[in-house]
1. Please determine, by comparing only the residues of the stretch 142-164 that are in contact with a Ser or Thr (Cβ under 7 Å, 6 or more places away or on another chain) and of a type in the set (A, V, I, L, M), which one is surrounded by the most Cβ atoms within 10 Å (Cβ to Cβ).
2. Residues of the stretch 323-355 being surrounded by 15 or more Cβ atoms within 10 Å (Cβ to Cβ), of a type in the set (S, T, N, Q) and at pLDDT 90 or above, which ones?
3. Which residue is farthest from the chain's Cα centre (by Cα), if the candidates are limited to the stretch 119-144 and must be in a helix (DSSP H, G or I) and over 17 Å from residue 436 (Cα atoms)?
4. Please state which one of 427, 431 is open to solvent by less than 30 Å² (accessible area, probe 1.4 Å), farther than 30 Å from residue 31 by Cβ, in contact with an Asp or Glu (Cβ under 9 Å, 6 or more places away or on another chain) and aliphatic (A, V, I, L, M).
5. Checking the condition open to solvent by 20 Å² or more (accessible area, probe 1.4 Å) and polar (S, T, N, Q), which residue from 216, 174, 186 passes?
6. Would you please list the contacts, defined by Cβ atoms under 9 Å and residues six or more apart or on different chains, that run from a residue in the stretch 357-386 that is at positive phi and modelled with pLDDT of 95 or more to a residue that is in a helix (DSSP H, G or I) and among the hydroxyl-bearing types (Ser, Thr, Tyr)?
7. So residue 226 passes all but one of these: (1) over 28 Å from the mean Cα position of the chain (by Cα); (2) under 30 Å from residue 252 (Cβ atoms). Which condition number does it fail?
8. I'd like the residue in the stretch 362-420 that is of a type in the set (Phe, Trp, Tyr) and more than 18 Å from residue 19 (Cα to Cα) and, out of all such residues, is surrounded by the most Cβ atoms within 10 Å (Cβ to Cβ).
Amino acid sequence: MSRELHLAGFLIASHVTHSHAAWRHPASETDYLGPDYYRRVAQTLERGKFDFLFFADLLATPVRYGNDIRVPLSSGTQASATIDPSLVAAGLANVTEKIGLAITKSTTYFHPYEVARIFATLDHLSRGRAGWNVVTSLNQAEAQNFGIENHLGHDERYDRAQEFLEVAFKLWGSWDRDALVQDKASGVFADPDKVRTVDHEGEWFKTRGPLTVPHSPQSRPVIIQAGSSSVGEDFAARWAEAIFEIDPTSEGRKAYYADVKSRASNFGRNPDDIKIFPSFVPFVGETESIAREKQAFHNELADPISGLITLSVHTDHDFSRYDLDAPIEDVVVPGTQGLFDVARRLSVKDNLTLRDIGKLYAQGVLLPQFVGTASQIADQIEEGFLGGEADGYILSAAQAPGTFDDFVVPELQRRGLFRTDYTGSTLRDHLGLGGASLTPSPRGVAVGA
């Protein structure tokens, strides 16, 4: 085929994924505080020739729903307990060889120098397999954990993120690729003419440079993003090489795909250089009825209140104040606006109550569920891939690591949709991207302006 399907696996360095029921599933392993769980998942996905393993992250225990941490902690809601994915990924670099390792870091609560150093280091340790999921953070609780009283507004966070990436690109370019000499005979370690300060002073950041880490194998990490508001989509169209998307409907996924690709030219980019990855939760069975039994068992474990706690975290809005048996009200949320728009759209389309949305959110944060035999799930993937909704898909587990073990890679390979082996060694190779530019795309003109 002229186009190749891409696949990634989703994790949080935690006891759950998108599914809040995952930790309660009898087949799930929950030793997320040790290395073996992550090693098993990463090596399973590498055997399946996945492009990358993707770690989401949040920086605060859920508190937005009713201003209380007791229920989130007792029910194991998403983000109630997490460890640092950058350290997990560094460990995985040592027990894998080809699979990409993508982690989340915030542009709101860190400094570009620190983040640039982390990703240059991970790119070296993994021999060119690092990816950065760029987020602007979600809520007030995260601000308070970093000693900041008020979380920045939505558009301000993206303004800061623009400069953050511009600075990071400068820092990654502060060492030429051949600057490190290490000539023992002459005693020359590095060529000082090939290492530069960056001397950046802007609205948000000031840094001298250079980075202490020499030029890395990919030059910089692959940039991943998940912007779903208009401002977020413009940010993704400027910076992202892979985009993580959540929409439970085929029509929504197609609209998003077309919209982001059309915005790319606004920033002087080839739309083919942006790979869009909708996410889904699969339930695979020897027969369709077995698969539906697996789905029903999982979904019954999902608690609506747990889902509403996470919806409150993601939107930075307290949904404990509303009637559970009424439709979602049309309110302004300061957090993730795209996910709330999806929830509102579902509520109107299917006449769902807030309790219904909470149940769906707990089952998988509004991800679609692909259910059936290996052939039936491959049909859904192929239809979306060829039908203008995806360049690839991110697989999120209903129970781990079993969901990854059961996945339908052999059927996709049989159809010629997916690789039978890696043809390169870096994450950029897996995604079919060219060399990494260290010159940011121009800011362009926002489509919605």
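1. 161
2. Correct list: 347, 353.
3. Only one residue fits best here, namely 144.
4. It is 431.
5. Of the residues listed, the single one that is open to solvent by 20 Å² or more (accessible area, probe 1.4 Å) and polar (S, T, N, Q) is 186.
6. 365/310
7. Failed condition: (1).
8. Taking the candidates together, the pick is 418.
The values are calculated or read from the model by the stated rules, or taken from the named source; none is laboratory data. Model, not experiment: these values are computed from the prediction. Note: ideal-geometry Cβ built from the backbone for every residue, glycine included; neighbour counts use all protein chains shown. SASA here: full protein model, heavy atoms, side chains in, ligands and nucleic acids out. Shrake-Rupley method; radii C 1.70, N 1.55, O 1.52, S 1.80 Å.
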